[in-house]
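Worksheet for the structure shown next.
Every read-out reported here was derived from the displayed coordinates using simple, explicitly stated rules and does not represent laboratory data. This structure is a prediction, so every number in the text was calculated from the model and none was measured. Here the Cβ positions follow ideal geometry from the backbone for every residue, glycine too, while neighbour counts run over all protein chains shown.
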Amino acid sequence: MIRVITMSGPPSSVKTSVILRAVDHLRCDGVKTGVVKFDCMAAVDGLAYEKKNIPFKIGLSGNLCPDHFFVSNIEECIQWGINAELDILIIESAGLCNRCAPHIKDALAVCDIDCLSGVNTPLKVGPMLKLADIVVITKGDIVSQAEREIFTFKVKQANPKALIMGINGVTGQGAAQLASKFSTAMAHQSMNGHMLRFSMPAAVCSYCLGETKIGEDHQRGYVRKMVW
């Protein structure tokens, strides 16, 4: 059995730094933690995990949607974690389009979002924030108290049920509370038959299959047009 956590969030919201700080606290409690990082073209986070001697795997989706790549490989990730005798497996998604939906029912879901992204960003982010159990707000030390409060209010509007935490990715302040939540996450033997909390972004069209020409004559499949 292994405790599974999905960590999502927009790019550059210091997800990796938050994970590293939380793992530091978990190690002090003797909890063995590993990470699987999903990204598109490249991922340099492995260097940080390797430096800390944290077991990790990198999955690059290439020209596929990272969420579709993630859900197609989640079961193998779980089995890798079990074979590595991990207590906790953190799965970090790319979170590129803000419509991403990597969270799984019965697995602890965390969304990381930073204050510098704009006060209306929480309302623009899709299921990865709106269906998360925990929302981590970072870079709060860079903005004013008033800006932090407004941003937190916007997060609460987007996800009233989530536990909201402020964590400093540099100093690690606040990461101990997150680590304690990781330790109480539900354990699983497998993800086979489990359900996603929300459907993945839909895109099955001629451009998905490699088409590069523009125009209606070259558009096939799932195509949506604006109303003018």
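Things worth noting here:
- Amide proton proximity set for VAL35, modelled H, under 5 Å, gap of 5+: PHE56, LYS57, ILE90
- Among PHE198, PHE69, PHE153 the positive-end extreme of the charge dipole of the chain (Cβ point charges): PHE153
- Fraction of antiparallel bridges per DSSP, the chain only, in percent to nearest 5: 10 percent
- Full extension of the chain segment joining VAL44 with ASP217 gains 58.2 nm, where the gain is 0.36 nm per residue of separation less the Cα-Cα distance.
- What separates the Cα centres of the stretch 108-180 and the stretch 1-29 is a distance of 14 Å.
- The trypsin sites (Lys or Arg not before Pro) of the stretch 105-134 meeting both criteria, a DSSP state outside H, G, I, E and B (loop) and at most 13 other C-beta atoms within 10 angstrom of the site's C-beta, are LYS105.
- Long-range Cα-Cα pairs in the chain (distance over 34 Å), rounded percent: 16 percent
- Ordered by the number of other Cβ atoms lying within 10 Å of each residue's own Cβ, fewest first, THR138, THR171 fall into the sequence THR171, THR138.
- Length-normalised contact order of the chain in % [C-alpha pairs under 8 Å, at least 6 apart]: 27 percent
- Using the Cβ of LYS161 as centre and a radius below 14 Å, the other residues enclosed give a net charge of +2, where K and R count +1 and D and E count -1.
- Residues LYS213, LYS37, LYS52 in ascending order of nearby Cβ atoms (within 10 Å, fewest first): LYS213, LYS52, LYS37.
- Exposure proxy ranking, count of Cβ atoms within 10 Å, fewest first, for ILE137, ILE142: ILE142, ILE137
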